[in-house]
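Student: Got a structure here, written out as structure tokens. Questions coming.
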Amino acid sequence: MSNNQGYELNWDATIENDGTFEIVPAGDYDFEVLGFERGRHNGSDKIPPCGKVIISIRLKSATAETTINHNLLMFSTLEWKLCEFFTGIGQRKKGEKFQMNWNKVVGGRGRCKVSIRKWLGNNGQEMESNQIDKFYEPEENTPAFQQGVF
């Protein structure tokens, strides 16, 4: 189901693309859902094994653009994150009971808060990546034209 425009390489393929992984500054960004994949969380100290969804999201501002993957775990204590995501793309209203429909998330748009996550890699070197901290609830749409208002 992913729409990442990639393809599988065979074992003796010729390669040359070094990639362009860019970190965007922390802040608020408009986003678009490009695709998703269903996966499995292997379990951790806090969450047992469960399903997960890996969402491919394009972040965009006036000065920066990048694509990141965001994981949503299918576990009851993290249900609020699923609610926040579906509310953020305008498919659900806050507080509303809602049946998730993953086939309608591609193309979803909204606004989110992004931070920079730092960690030590296996080689001991400090690494960085962007992560989404919050999906914002869409603002009420104001009409483009209001009679008597200039």
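The values are calculated or read from the model by the stated rules, or taken from the named source; none is laboratory data. Everything numeric here is computed off the predicted structure, so don't read it as measured data. Cβ: placed from backbone, ideal geometry, glycine included. Neighbour counts: every protein chain shown. When the accessible area is computed, the model is the full protein with side chains, heavy atoms only, and any ligands, DNA or RNA have been set aside. Shrake-Rupley method; radii C 1.70, N 1.55, O 1.52, S 1.80 Å.
Student: What does the accessible area per residue of the range 63-127 come to in Å², with a 1.4 Å probe and no ligands, DNA or RNA counted?
Tutor: Heavy-atom SASA per residue in the range 63-127 reads 69 Å².
Student: Now for a different question. Return the distance in nm (one decimal) between the two label points of a simple spin-label model at A26 and E79, each offset 7 Å from Cα along Cα→Cβ.
Tutor: Calculated label separation equals 3.1 nm.
Student: Sticking with this one: Defining a contact as two alpha carbons under 8 Å apart and six or more residues distant in sequence, what relative contact order in percent does the chain show?
Tutor: For the chain, the relative contact order is 23 percent.
Student: Two-decimal Rg/Rh of the range 21-150 from alpha-carbon positions, Kirkwood Rh?
Tutor: 1.03
Student: With the chain treated as a Gaussian network of Cα nodes joined by springs under 10 Å, which of A62, A26, A13 yields the largest mean-square fluctuation?
Tutor: It is A13.
Student: Among the listed pairs K46/K97; K52/K113; K81/K104; K93/K118; K60/K118, give every one whose C-alpha distance is greater than 23 Å.
Tutor: Over 23 Å apart, Cα to Cα: K46/K97; K93/K118.
Student: Tell me which residues come under 5 Å, amide H to amide H, from F36 once H is placed; ignore anything under 5 positions away on its chain.
Tutor: Under 5 Å from the amide H of F36 lie the amide H atoms of S2, N3, S56, each far enough along the sequence or on another chain.
Student: Something else now. What do you reckon, how do F85, F98 stack up by accessible area (1.4 Å probe), largest on top?
Tutor: Order by accessible area, largest first: F98, F85.
Student: Turning to a different aspect of this structure: Applying 1/(1 + (r/R0)^6) with R0 = 35 Å to the Cβ-Cβ distance of Q125 and A62, what FRET efficiency is obtained, to the nearest 0.05?
Tutor: 0.65
Student: Within 10 Å, at most 15 other Cβ atoms, and a DSSP state outside H, G, I, E, B define an exposed site. Report the longest part of the chain free of exposed trypsin sites (Lys or Arg not before Pro).
Tutor: That gives 98-150 as the longest site-free run.
Student: If you take the C-alpha gyration tensor of the range 12-71, multiply each eigenvalue by 5 and take the square root, what semi-axes do you get, largest first, in whole Å?
Tutor: 25, 20, 12
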